[in-house]
Amino acid sequence: MTIRVLHAASELYPLLKTGGLADVTAALPAALIEQGADARVLLPGFPGVAADLADLRPIARLARSFGAPEASLELGRLPGSDVPVYMIRADAFYARPGNPYLDAQHVPYGDNAERFALLGWAAAQLALHLDPAWTPHIVHAHDWHAGLAGAYLRAAARERGLAARPPARSVFTIHNLAYQGIFPAQQFGALGLPPDFFDMHGIEFYGQLSFLKAGLYYADKITTVSPSYAREIQTVAQGGGLEALLKGRAHDLVGILNGVDYAVWNPASDTVLAARYSATRMSGKLRCKSALQQRFGLASKHDAPVFGVVSRLTEQKGLDLLLAALPDIVSRGGQLVVLGTGDASLEQGFARAARQHPESVAVELGFDETLAHEIVAGADVMMVPSRFEPCGLTQLYALAYGALPLVHRVGGLADTVVDTSLENLADGLATGFVFERFEPDALSAAIRRAFALYARSRDWRETRARGMQQDFGWAASAQRYMALYRELVEAA
Ligand code: ADP
Ligand code: GLC
């Protein structure tokens, strides 16, 4: 039997991306199709999505619009791919330029509850034959934005009678527990859910609404994006107040590591680079490094290790620790290149460092996909010192591009990078630098290890080659999702 699965999410690379979620929602459905599934995606019609989907055609008017004057469903496909993409057209909600969640002042839009309730509701409607030509067996919702899908499926079952099963089975994936989609309780009425869903056993969270909690509570299965994060979120320290719920559902919770789309992230075929290279032909990487130094006006020294950062500048990413450790890089003759956007204090901190050390620190504030590739290709080390990290894709891209990842031992970072301890070097396992405690001196020690290894060029080259040979392709993870879907469909 072919499993039909609908992925409901708010981002999709290359149409709309603020972080790794977009990379996953683009690559995972394609990988599932390779495993024999019939996978489709559902997205709100944000400007980049509405403008760039190919072959868009109307499918249905939506019977509910949560206050938008009009809402309808269209079907198109991602250009250059066969993945069908449903789009909710509700211009009053989605046709706003800039960030999909925040206004120009970086404040969440006042109608976010309705904007994203519509996403979850439309996902459930697709399971109720909204498109007569295609109905999913599985509705797979990602992050709080699609968090209400499971609740609407359950409500639909309720309407059919108490014993009825929901029209589709549901999976909810946590990409980041720190974003919970919390709204005032007064907005519950606008969601059109049965009154008793506003409950501790339901969508209520300390007197408010939580779309994330609804996702966790109503889904048949919960996944998150690495095995370590699946364990961490069951603890008080990292559970964001949801640890008891997650612990209670531990037998329905599984960590499945994200993968790399090597069609997008491969230095041997990456057309934006100054030169292409591979593990057996590395000279192109040096050209990428020189091009990067030139692009940023850094001293053209090929023996200065270049440390790179490509990141959202938020508390999560631990870059305040890097600011504190910056002298360790500069005083040893290293260079730092930062591409990122986010918190004003971090933006200012890195901009100040660049003014103080123009030859060795450079910063670009903004979001730039091409530059992200150029930095990972030109860097010797990619820094990901996150406080917490559900999976992290940057360290995986770094491995593929021969930039040794330097990471905090947490979440998906712990699951994907092996430290260059003497024993790991001797056993041929090391792929990067891992520090244990989230403290400046632990990061400094890891930076010192990076310099020490850089000075031992044979060990460096070996470690780099090992990293480049790691296979983090999507096939293995897609197989695990398929097994999960099969289990759900067979139990139904
Ligand atoms: P997160 O999803 O928490 O931001 P990930 O490591 O999973 O972290 O994914 C981040 C993704 O966003 C990567 O594809 C990375 O290259 C990209 N990215 C982050 N910041 C920027 C930026 N300023 N410009 C371009 N790409 C960025
Ligand atoms: C989130 C997480 C990141 C993960 C990404 C994709 O944004 O912060 O760790 O890689 O989602 O799953």
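Any chance the range 246-266 includes a residue that's open to solvent by less than 30 Å² (accessible area, probe 1.4 Å), away from ligand 2 (no atom under 16 Å from the Cβ) and under 24 Å from Leu453 (Cβ atoms)?
No.
Read through the list (1) more than 18 Å from the chain's Cα centre (by Cα); (2) under 19 Å from Ala92 (Cα atoms), then give the number of the only condition that Leu16 fails.
(1)
Within the range 294-314, how many residues are loosely packed, with under 15 Cβ neighbours inside 10 Å and in contact (Cβ under 8 Å) with a residue 24 or more places away in the chain?
Pass one, the range 294-314, residues loosely packed, with under 15 Cβ neighbours inside 10 Å: 294, 297, 299-300, 302-303.
Still in the running and in contact (Cβ under 8 Å) with a residue 24 or more places away in the chain: 297, 299.
Count: 2.
Hey, which of the helices (runs of 4 or more DSSP H) in the range 360-445, taking only ones fully inside, have at least 3 residues that are touching a strand residue (DSSP E or B) at 6+ places or on another chain (Cβ under 9 Å) and surrounded by 18 or more Cβ atoms within 10 Å (Cβ to Cβ)? Quick ask: steps written out before the conclusion?
Details: elements: 369-378, 394-400, 411-416, 422-426.
It comes to 369-378, 394-400, 411-416.
Residues being away from ligand 2 (no atom under 16 Å from the Cβ), of a type outside the set (Gly, Ala, Ser) and within 19 Å of Gly349 (Cα to Cα): count how many of those fall in the range 362-383.
So the answer is 3.
Of the numbered conditions (1) within 15 Å of ligand 2 (Cβ to nearest atom); (2) of a type in the set (Lys, Arg); (3) open to solvent by 40 Å² or more (accessible area, probe 1.4 Å), Arg352 fails exactly one; give the number of that condition.
(1) is the only condition that Arg352 fails.
On the given criteria, is Gln208 farther than 29 Å from Val489 by Cα, out of contact with any Ser or Thr (no Cβ under 6 Å at 6 or more places or on another chain), open to solvent by 50 Å² or more (accessible area, probe 1.4 Å) and not assigned by TED's automatic domain parsing to the domain that holds Gly392?
Working: farther than 29 Å from Val489 by Cα: yes; out of contact with any Ser or Thr (no Cβ under 6 Å at 6 or more places or on another chain): yes; open to solvent by 50 Å² or more (accessible area, probe 1.4 Å): yes; not assigned by TED's automatic domain parsing to the domain that holds Gly392: yes.
For Gln208, the condition - farther than 29 Å from Val489 by Cα, out of contact with any Ser or Thr (no Cβ under 6 Å at 6 or more places or on another chain), open to solvent by 50 Å² or more (accessible area, probe 1.4 Å) and not assigned by TED's automatic domain parsing to the domain that holds Gly392 - is met.
Conditions (1) within 11 Å of ligand 1 (Cβ to nearest atom); (2) closer than 25 Å to Gln470 by Cβ, marked per residue:
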residue: Ser345; (1), (2): no, no
residue: Val361; (1), (2): no, no
residue: Glu364; (1), (2): yes, no
residue: Leu399; (1), (2): no, yes
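Does the range 135-145 hold any residues that are open to solvent by less than 10 Å² (accessible area, probe 1.4 Å) and more than 16 Å from ligand 1 (Cβ to nearest atom), and which are they? Lay out the reasoning, then the answer.
Taking the range 135-145 as the starting set, the residues that turn out to be open to solvent by less than 10 Å² (accessible area, probe 1.4 Å) are 136, 138-142.
Of everything in the range 135-145, those that are open to solvent by less than 10 Å² (accessible area, probe 1.4 Å) and more than 16 Å from ligand 1 (Cβ to nearest atom) turn out to be Pro136, Ile138, Val139, His140, Ala141.
Just to be sure, is Leu443 under 25 Å from the mean Cα position of the chain (by Cα), under 27 Å from Glu232 (Cα atoms), assigned by TED's automatic domain parsing to the domain that holds Ala325 and not polar (S, T, N, Q)?
Details: under 25 Å from the mean Cα position of the chain (by Cα): yes; under 27 Å from Glu232 (Cα atoms): yes; assigned by TED's automatic domain parsing to the domain that holds Ala325: yes; not polar (S, T, N, Q): yes.
The answer is yes for Leu443.
For the range 226-243, does any single residue satisfy the condition of being within 19 Å of Leu21 (Cβ to Cβ), open to solvent by 30 Å² or more (accessible area, probe 1.4 Å), in contact with a Ser or Thr (Cβ under 6 Å, 6 or more places away or on another chain) and at pLDDT 95 or above?
For the range 226-243, residues within 19 Å of Leu21 (Cβ to Cβ), open to solvent by 30 Å² or more (accessible area, probe 1.4 Å), in contact with a Ser or Thr (Cβ under 6 Å, 6 or more places away or on another chain) and at pLDDT 95 or above: absent.
Could you figure out which of (1) open to solvent by 40 Å² or more (accessible area, probe 1.4 Å); (2) closer than 29 Å to Lys285 by Cα isn't true of Glu490?
Exception for Glu490: condition (2).
Please work out if Phe472 is touching a residue at least 60 places away in the same chain (Cβ under 8 Å) and within 16 Å of ligand 2 (Cβ to nearest atom). Explain how you work it out, then say what you get.
On the way: touching a residue at least 60 places away in the same chain (Cβ under 8 Å): yes; within 16 Å of ligand 2 (Cβ to nearest atom): yes.
Criteria met by Phe472.
Residue pairs, Cβ under 8 Å, 6 or more apart or interchain, first in the range 154-179 and within 16 Å of ligand 1 (Cβ to nearest atom) and open to solvent by 10 Å² or more (accessible area, probe 1.4 Å), second small (Gly, Ala, Ser) and part of a helix (DSSP H, G or I). List them.
Pairs that qualify, where the first residue is within 16 Å of ligand 1 (Cβ to nearest atom) and open to solvent by 10 Å² or more (accessible area, probe 1.4 Å) and the partner is small (Gly, Ala, Ser) and part of a helix (DSSP H, G or I), are His175/Gly20.
Collect the residues in the range 317-343 that are more than 23 Å from Lys289 (Cα to Cα) and open to solvent by 10 Å² or more (accessible area, probe 1.4 Å), keeping them in residue-number order. Walk me through it before giving the result.
So the first thing to find is which residues in the range 317-343 are more than 23 Å from Lys289 (Cα to Cα), and the list is 317-318, 320-321, 324, 342-343.
Matches in the range 317-343: Lys317, Asp320, Leu321, Ala324, Gly342, Asp343.
Of everything in the range 142-171, what is within 13 Å of ligand 2 (Cβ to nearest atom) and outside any loop (DSSP other than H, G, I, E, B)? Give them in sequence order. Lay out the reasoning, then the answer.
Just the residues of the range 142-171 that are within 13 Å of ligand 2 (Cβ to nearest atom), to begin with: 142-145.
His142, Trp144, His145, listed by residue number.
Quick check, is Leu298 out of contact with any helix residue (DSSP H, G or I) (no Cβ under 7 Å at 6 or more places or on another chain) and outside any helix (DSSP H, G or I)?
On the way: out of contact with any helix residue (DSSP H, G or I) (no Cβ under 7 Å at 6 or more places or on another chain): yes; outside any helix (DSSP H, G or I): yes.
Considered against the rule, which asks whether it is out of contact with any helix residue (DSSP H, G or I) (no Cβ under 7 Å at 6 or more places or on another chain) and outside any helix (DSSP H, G or I), Leu298 comes out as yes.
Give just the number: which of (1) in contact with a helix residue (DSSP H, G or I) (Cβ under 9 Å, 6 or more places away or on another chain); (2) in the same structural domain as Gly239 (by TED's automatic domain parsing) does Arg480 not satisfy?
(1)
The values are calculated or read from the model by the stated rules, or taken from the named source; none is laboratory data. Remember, it's a predicted structure, so these values are computed and weren't measured experimentally. Reconstructed Cβ throughout: ideal geometry from the backbone, glycine too, with neighbour counts over all protein chains shown. These area figures cover heavy atoms from the full protein model, side chains too; ligands, DNA and RNA do not enter into them. Shrake-Rupley method; radii C 1.70, N 1.55, O 1.52, S 1.80 Å.
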